[in-house]
1. Is it the case that some residue within the range A:241-249 is away from chain B (no Cβ under 14 Å), open to solvent by 10 Å² or more (accessible area, probe 1.4 Å) and either at pLDDT 95 or above or within 21 Å of residue A:134 (Cβ to Cβ) (or both)?
2. Residue under question is residue A:277, and the condition is that it be in contact with a Ser or Thr (Cβ under 6 Å, 6 or more places away or on another chain) and of a type in the set (S, T, N, Q); does it hold?
3. Quick test for you: out of B:9, B:32, pick the one residue that is under 19 Å from the mean Cα position of the chain (by Cα) and at the interface with chain A (Cβ under 7 Å from one of its Cβ atoms).
4. Checking residue A:274 against (1) touching a His at 6+ places or on another chain (Cβ under 9 Å); (2) more than 7 Å from every other protein chain (Cβ to nearest Cβ); (3) not charged (D, E, K, R), which test does it fail?
5. Could you tell me whether any residue of the range A:122-136 is at positive phi and open to solvent by less than 70 Å² (accessible area, probe 1.4 Å)?
6. Condition first: surrounded by 14 or more Cβ atoms within 10 Å (Cβ to Cβ) and more than 9 Å from chain A (Cβ to nearest Cβ). Can you find one or more residues in the range B:16-28 that meet it?
7. Which residue pairs have Cβ atoms closer than 7 Å, lie 6 or more positions apart in sequence or on different chains, and pair a first residue in the range A:305-321 that is within 7 Å of another protein chain (Cβ to nearest Cβ) with a second residue that is hydroxyl-bearing (Ser, Thr, Tyr) and part of a helix (DSSP H, G or I)?
8. Run residue A:343 past the list (1) among the β-branched types (Val, Ile, Thr); (2) more than 30 Å from residue A:170 (Cα to Cα); (3) more than 18 Å from the chain's Cα centre (by Cα) and report the number of the one that doesn't hold.
Amino acid sequence: MNGINEKIKASQLTFLIISFIQGSVLLISLVDDITKQDSWMSMVSGFVVSVPFILSYAFLAKRFPGKNLIEINDIIYGNTIGKIVSIFYLLFFLLLLAFNFGDIADFFNGYIMPETPKMVFIVVFALICAFAVKRGIAAIAKASLLTAIFTIAAVIFTTILLIGEMDFSNFQPMFESSAKEYLQVSHIMFCLPFGEIIALLMITQHMKNDKKLPRTMVWGTGISALIFLAIVVRDTAVLGASITIFSETSYQAVRMIDIGEFLTRIELLVALNYTASLFIKICVLYFVTVTGVSQLVRAKSSTPLILSLGSIVIVLAMVSFGSTIYRNEWGYKYAALFATPFTAILPPLSLLIAKIRKLPNTGGVRQ
Amino acid sequence: MIILLIIAFAAIGLVEVRSLIHKKYWRELICFCVFFAFSFVICILQASGVKLPSPTQGIRTFLQTIHLHF
């Protein structure tokens, strides 16, 4: 893999986190379906709940400078249990990768090119991502700067153009959903978009200055939460009660832009935005899985595994969800619970064990 | 489709194996062969229309068994 030893700056990691989290933007429609006009509240509570957990990821990485998640697991849990925990983490990343390939294929197949088979999108996207992974994490981090700026600019631009269509009475009545539904959405928001940045613990060893890690991670997540909030507020204000009808709310909201019958069809900007953010998210997950597997089998180079793992992921993406209904049901009921052990239980537990055992120690002296 | 897959896999295998043998990376060669064989088999099965088990179905069944879902 090229540039494997290249270092990334704290600012680059912030943009990488923004793009990575924005890769989950398709989830917003799912959230809208559950808490409807109150989605913005669940979004905020999801972010607030995720902050202590994100800090636990950052402090874990800071405690073990120059080590990635697999090495940290080995130190904390010992060689055998550490390896088992790492295998579970790699399977989690592999499945996330497959689900995200499925997401992009579903989106393109549903909205842009309905006649084209999903397999075509998955294979083409996988080949492009394989090339990016081969170039290394520093190249992906540099690309994330562009995608993050593009995402922020697109959200601001479309929101300004939609001001005329907004009706803030659409936020009423408030507190309509049940407590269980608020809890469900907060849990989904915490475990899926925000909690998934646990994958970045596989690349924090490439950071130039890991002392800035907690601040960088919270900043990146905070900016992403603000972007999500802006999207949810815009979509709810524009679409109102019809927000639950559409399977892709942002796309539908931006479709309503029509300035003097001249500035129309802006929804392609949303499609480009999704593609760019998902590209970064998929590249990071792909990189993390490939380097993790090669580290687990103690291979000197991870490059030969890129295409083999890629083809396994393509098949997994094809067989994971039979239909969009099945995919949505997975999102509502099971996805967050499946991610909980990896995002909410193991990282704080690892940090606690490291503190109790006073790890890492080199002959009794902390590094 | 299957012929296309075989050609693609043959090309990947040829390039990677040659490079690994040239560098004398024997451990990497073994790992590559294992992953390559597995991916080749599941790709061929998928292309021939065999219904492969879905990982989400397994996770779903497990979570339902322990009554853990929204």
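The values are calculated or read from the model by the stated rules, or taken from the named source; none is laboratory data. Quick caveat, the model's predicted, so the values are computed rather than measured. Here the Cβ positions follow ideal geometry from the backbone for every residue, glycine too, while neighbour counts run over all protein chains shown. Protein only, heavy atoms only, side chains kept; ligands, DNA and RNA dropped before computing areas. Shrake-Rupley method; radii C 1.70, N 1.55, O 1.52, S 1.80 Å.
1. Taking every residue of the range A:241-249 in turn, none turns out to be away from chain B (no Cβ under 14 Å), open to solvent by 10 Å² or more (accessible area, probe 1.4 Å) and either at pLDDT 95 or above or within 21 Å of residue A:134 (Cβ to Cβ) (or both).
2. So residue A:277 fits the description; yes.
3. One residue alone meets the criteria, B:32.
4. (1)
5. So in the range A:122-136, the residues at positive phi come out as A:136.
Checking the rest, the ones that are also open to solvent by less than 70 Å² (accessible area, probe 1.4 Å) come to A:136.
Within the range A:122-136 (the criterion being at positive phi and open to solvent by less than 70 Å² (accessible area, probe 1.4 Å)), the answer is yes, since at least one residue qualifies.
6. Step one: of the range B:16-28, the residues surrounded by 14 or more Cβ atoms within 10 Å (Cβ to Cβ) are B:16-17, B:19-20, B:25, B:28.
Within this subset, residues satisfying the condition of being more than 9 Å from chain A (Cβ to nearest Cβ) are none.
Scanning the range B:16-28, I find no residue that is surrounded by 14 or more Cβ atoms within 10 Å (Cβ to Cβ) and more than 9 Å from chain A (Cβ to nearest Cβ), so the answer is no.
7. A:305/A:294; A:308/B:39; A:309/A:289; A:311/B:39; A:312/B:39; A:320/B:56; A:321/B:56
8. So residue A:343 meets the others, but not (3).
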